[in-house]
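Reviewing the structure listed below.
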C-alpha cells in the first residue's frame with residue numbers, strides 16, 4: 001500500500017467518524033444552566049427532537065434540511081470513494097463531498113441558531129406594550145427570561161466539522177504524486 005491509498009483511507013475514516021458524530025449532542029437550549037432541549041445532529045436531521053412536557057411541541061416538526069443534506073453528501077462521498085478505482089479521482093470525491101457537507105453544516109447551524117435567537121428576542125419585544133404596572137412587570141419578566149435562555153452549540157457538532165476537515169485533508173493528500181515518482185507530460189495526460 002502506498003502513501004496515497006493511506007491518505008485515502010484516512011479520508012474515509014474521517015467521513016465515517018463524521019457520520020458517527022451525528023449521534024452526539026449538537027445543540028442545547030438552556031435556561032439558567034438547566035437544559036431544556038438537547039438535540040443531536042441525527043435528531044436535527046430527522047426532526048425527532050424531544051421537547052419537555054411544559055413546552056408546546058411544534059406541529060409538523062420537520063428535519064433540518066442542511067443536516068439531511070450533509071448526511072446524504074457524506075454517505076455519497078464515502079460510497080464514491082470505494083466505487084471509483086483511481087485513487088486521485090476518489091480523493092477528489094472525498095475532498096469535495098467533505099467540503100460541501102462542511103459548508104452545509106456551518107451555514108445551516110448558523111441559520112438555525114440565529115433564527116432561534118431572533119425568535120426569542122421577538123417574543124421578549126412582544127410582551128406588554130401598555131403603561132400599567134402589570135404591563136411593566138410583564139416586560140421586565142420577559143426580558144429576564146430572554147437573558148436567561150441560552151442556545152449553545154455542543155462538542156458533537158464541532159467534532160463533526162473537525163472530522164469533515166480531516167476528510168478534506170485526506171482527500172487532498174491522496175491526490176498528491178508519490179515521492180520519487182516523476183510524471184512526464186505524456187504520463188500525466190497533458
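The values are calculated or read from the model by the stated rules, or taken from the named source; none is laboratory data. The structure presented is a predicted model; accordingly, all values stated were derived computationally and were not measured. Cβ placement follows ideal geometry from the backbone for every residue including glycine, while neighbour counts extend to all protein chains displayed.
For the reader, a short list of remarks on this structure follows.
- Every residue from segment 10-35 that is assigned to a loop (DSSP other than H, G, I, E, B), modelled with pLDDT of 80 or more and surrounded by fewer than 20 Cβ atoms within 10 Å (Cβ to Cβ): 23, 24
- If you go through segment 61-74 and keep only what is under 26 Å from residue 176 (Cβ atoms) and touching a residue at least 40 places away in the same chain (Cβ under 8 Å), you end up with just 74.
- Restricting attention to segment 36-74 and to residues that are surrounded by 16 or more Cβ atoms within 10 Å (Cβ to Cβ), in contact with a strand residue (DSSP E or B) (Cβ under 7 Å, 6 or more places away or on another chain) and outside any strand (DSSP E or B), the residue that is modelled with the highest pLDDT turns out to be 41.
- Residue 123 vs. criteria at pLDDT below 70 and in a helix (DSSP H, G or I): yes
- Residue 115 being at pLDDT below 90, out of contact with any strand residue (DSSP E or B) (no Cβ under 8 Å at 6 or more places or on another chain) and assigned to a helix (DSSP H, G or I): yes
- Here the condition is being modelled with pLDDT of 75 or more and either farther than 21 Å from residue 45 by Cα or under 22 Å from the mean Cα position of the chain (by Cα) (or both); of 106, 142, it holds for 106 alone.
- Among the residues of segment 83-100, those that are without any contact (Cβ under 8 Å) to a residue 12 or more places away in the chain and more than 13 Å from residue 170 (Cα to Cα) comprise 83, 84, 85, 86.
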